[in-house]
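Everything below concerns the one structure shown next.
The values are calculated or read from the model by the stated rules, or taken from the named source; none is laboratory data. Since this is a predicted model, take the numbers as computed values, not measurements. FYI the Cβ positions are ideal-geometry reconstructions off the backbone, even for glycines, and counts take in every protein chain you see. Ligands, DNA and RNA are excluded from the accessible area calculation, which covers all protein heavy atoms including side chains. Shrake-Rupley method; radii C 1.70, N 1.55, O 1.52, S 1.80 Å.
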Amino acid sequence: MPEEEEFIVAENLDLAWTNFDPFFTLPASCPFHVEREGKPLDKLIRALLRQHRQSPKYFFSGHRGCGKSTELNRLVDNEKIREKFFIVKYSVKDECDVNNLNYVDVLFSMGAQLYIQYIDAGKKVEPKLLEELKSWGHSIELEVEETKSAEATAEAGMKAIFVSLLAKIRSESTTRETIRKQIEPELSVLIDKINLIIADIEGKEKKNVLVIIDDLDKPSLKQAKAIFYNNFTAITQPACHIVYTVPISIFFTSESTPIRDTKFLLPNIKLHTKNDRNTISERGYELMRMFVYKRMKKELIEPEALDLAIKMSGGVFREGARIMQIAADNAIEKERKCISIEDVARAEREIRSDFMRILESEDYNILNEISKSNEIRGIENKGHLLHNLSLLEYTNEESWVDIHPTLEELLKNLFLKKNALPKK
Amino acid sequence: MDDAQETFEERVSRLANYLNRAYKYNKPSILFAMYLSEFLRRDIEKSLTRVLDEQGLEVVRVDAKNNKDLPAFFSARNSGNNVFFVHNMEKGFPETLQYLNFKREELVEHHVKAVFWVREEELARICLEAPDFFAFRNRVVEFMEVPTAEERRPALVDFALETEYRSLDEIKRSIELKEKLLSELSVKDEMSSYLLDSLGILYGQIGSLKKALVCFEKSLAITQEIGDRRGEGTRLNNLGVAFTNLEKYELAFSCYLLARKIRLEIGDPEIATTENNINELKNKIGKKEFQKLLDTVEPKVEKIYHSMR
């Protein structure tokens, strides 16, 4: 991962290779950042800054690799957001066991993080609240092993209880069950405590509280559904603004979804218009060119090679980064000074092979249909294709979907020649 | 498509260059090497290790079966010049998949350089069940050609015969790999015989004496079938050791005598080992018992030998 000072435009292919890591989340105000058309993050920022009678909950999503974590970093860094809110941001995977996660864990982690991050900011809660939290914390601990605390202050003592309970939820499956069983029947008590902490912070800071939970899009769709559908009421109870990240496929399941109303989808960059893959959306291409040129000098790639790389990215930043990295690697191997169309074509083939490994025969039929219609309707229960990026969603006036561009040639050959479908 | 004509060396150096560049720029590296045959994997691993070695990188082999929480293992073990070779992925499923999927950032934070050795089915499961981790991949390099018998022979004979390992873990790993290789061979040829012989020695080293015996016997049968006299001598000698360990001295002595006979006939200098083994047997059971063996076994050696065929 580049250090702060290392965000420099690459002047040779070796350095270009390093600038196209497929796993690098950009920090806020990173020089590599490109602003999307329509600034979708601003829409979320505006919604958060608006006056609400009840604290709103937002469900933030986007395709894997489209820049969600990067945008959340920018959200936290936004000046107006910092002015209005006391922000508590955490990743659910640091606090809970994402392989076995339920809504009780999510709510408990929220309460604990509210308290811990407030105390860590050098603040104090009301003594009365502290007492209440302590006796509640001990009541849960009675069922599990009690924390031996020798902390200097009462605040730190309470923090130790929270930290210890979180650690148990995260890593001890039997204790986790005991804690859940303890909390679940009296969920209103937990929510009440969360709300008391929120009220205390808001009273003291004269700011609203904003909780941002990252990586809630990582659990399986089944777990995510259990949290966001079956327990929707519970997770929207805390009286503060909340941004939940959710898996994109959750928006496309057939169950009725209250979360669709307040969803924020980070769109992919649109590169062509609906139903016509031969058109070129110049603004989308320009944006993706910026994405490349902020990382390396223009001279390091032939223009037609860049156009192909952009096309094959499908407008997903991480996909673009991966194609560029493979192409750069190939060019270095072939001892070229700049990336040629051959190098990009090579990357395209490799990414297509990756897809062929995961797609089932039935998937090809669905993809073929969608490649013709681009219709989003009727794609319920095809969430897995959005999940694995073989289908990509685009939004302008309307939302539409298309196949991953590397699959175009494959589908064409497959259905043209009526070949047997490739085996999985 | 030119990809199919790429040589083995080109692809090995692709992996090596990626890893070396990652090391140079202090970058993480998540690579998949997809292979068809254990024979080939053995060769790729060997060549890649050699190249990395020259570049000052140290290969750390990781068995996913024993280290399901791979991100934790990497974080604890990683030092700048380590390259982790992860194998046996399937044995760690499904836990390994979950750990990798949810702790993928740890690999990046710790600048881990790893090559995951996977078969096609394993990679498909990783794509499907650890999609967030797979999204972090740098590249998949395929080694999907079927090795011809000639290609896999020279380097593999060394390996098949290799039995000197330092630790119990290494021995067990080698046993596992050799068993796998053996299961891939459809015909019982010289290679199977080498592998079985080597397995017999390794099983003996970890105290699985009966298994050792079975391996030597199978190996012997193959040498007899294909008319490999030298191999036959070696296997008989090793069978003698196995029977000695099992305290079946009559059988042990028969094997040694037969081994000596063959080795003498073909002028195999290894005859010294067999002589030595006979002496050790003598010391072990005492002169008196040894004399008894001489009296009872020697006259019926030929008979015993034929009963073994």
| Is it fair to say A:VAL88 is within 11 Å of chain B (Cβ to nearest Cβ), touching a residue at least 60 places away in the same chain (Cβ under 8 Å) and buried (at least 19 other Cβ atoms within 10 Å of the Cβ)? | no
| query | Got a number for residues in the range A:354-387 being within 14 Å of chain B (Cβ to nearest Cβ) and either at positive phi or of a type in the set (A, V, I, L, M) (or both)? | reply | 5
| task | Please verify whether the range A:140-152 includes one or more residues that are out of contact with any Phe, Trp or Tyr (no Cβ under 7 Å at 6 or more places or on another chain), part of a helix (DSSP H, G or I) and modelled with pLDDT under 90. | result | yes
| query | Does B:ALA33 count as within 12 Å of chain A (Cβ to nearest Cβ) and hydrophobic (A, V, I, L, M, F, W, C)? | reply | no
| note | Across (1) open to solvent by 20 Å² or more (accessible area, probe 1.4 Å); (2) assigned to a helix (DSSP H, G or I), A:ALA305 clears everything bar (1)
| note | When every residue in the range B:117-133 that is within 8 Å of chain A (Cβ to nearest Cβ) and hydrophobic (A, V, I, L, M, F, W, C) is compared, the one farthest from A:ASP354 (Cα to Cα) is B:LEU128
| said: Anything in the range A:341-353 that is open to solvent by less than 10 Å² (accessible area, probe 1.4 Å) and within 13 Å of chain B (Cβ to nearest Cβ)? List them, or say none. | reply: A:ASP343, A:ALA347, A:ILE351
| note | Turns out the helices (runs of 4 or more DSSP H) fully within the range B:48-116 with at least 2 residues that are within 14 Å of chain A (Cβ to nearest Cβ), open to solvent by 10 Å² or more (accessible area, probe 1.4 Å) and in contact with a strand residue (DSSP E or B) (Cβ under 9 Å, 6 or more places away or on another chain) are B:104-109
| Looking at this structure, is A:SER55 within 25 Å of A:ILE119 (Cβ to Cβ) and part of a loop (DSSP other than H, G, I, E, B)? | yes
| query | Are any of the residues in the range A:335-352 more than 27 Å from A:GLU37 (Cα to Cα), part of a loop (DSSP other than H, G, I, E, B) and in contact with an Asp or Glu (Cβ under 7 Å, 6 or more places away or on another chain)? | reply | yes
| said: Report every pair of residues separated by at least 6 positions or lying on different chains whose Cβ atoms are under 6 Å apart, first residue within the range B:88-112 and closer than 16 Å to B:ILE126 by Cα, second among the aromatic types (Phe, Trp, Tyr) and surrounded by fewer than 20 Cβ atoms within 10 Å (Cβ to Cβ). | reply: none
| request: Give just the number: which of (1) in contact with a His (Cβ under 8 Å, 6 or more places away or on another chain); (2) within 20 Å of A:LEU392 (Cα to Cα) does A:ARG74 not satisfy? | output: (2)
| query | What residue, of B:ILE304, B:ILE266, B:ILE206, is of a type outside the set (Gly, Ala, Ser), in contact with a Cys (Cβ under 9 Å, 6 or more places away or on another chain) and surrounded by fewer than 20 Cβ atoms within 10 Å (Cβ to Cβ)? | reply | B:ILE304
| said: Quick check on B:LEU19: is it closer than 23 Å to B:GLY92 by Cβ and away from chain A (no Cβ under 12 Å)? | reply: no
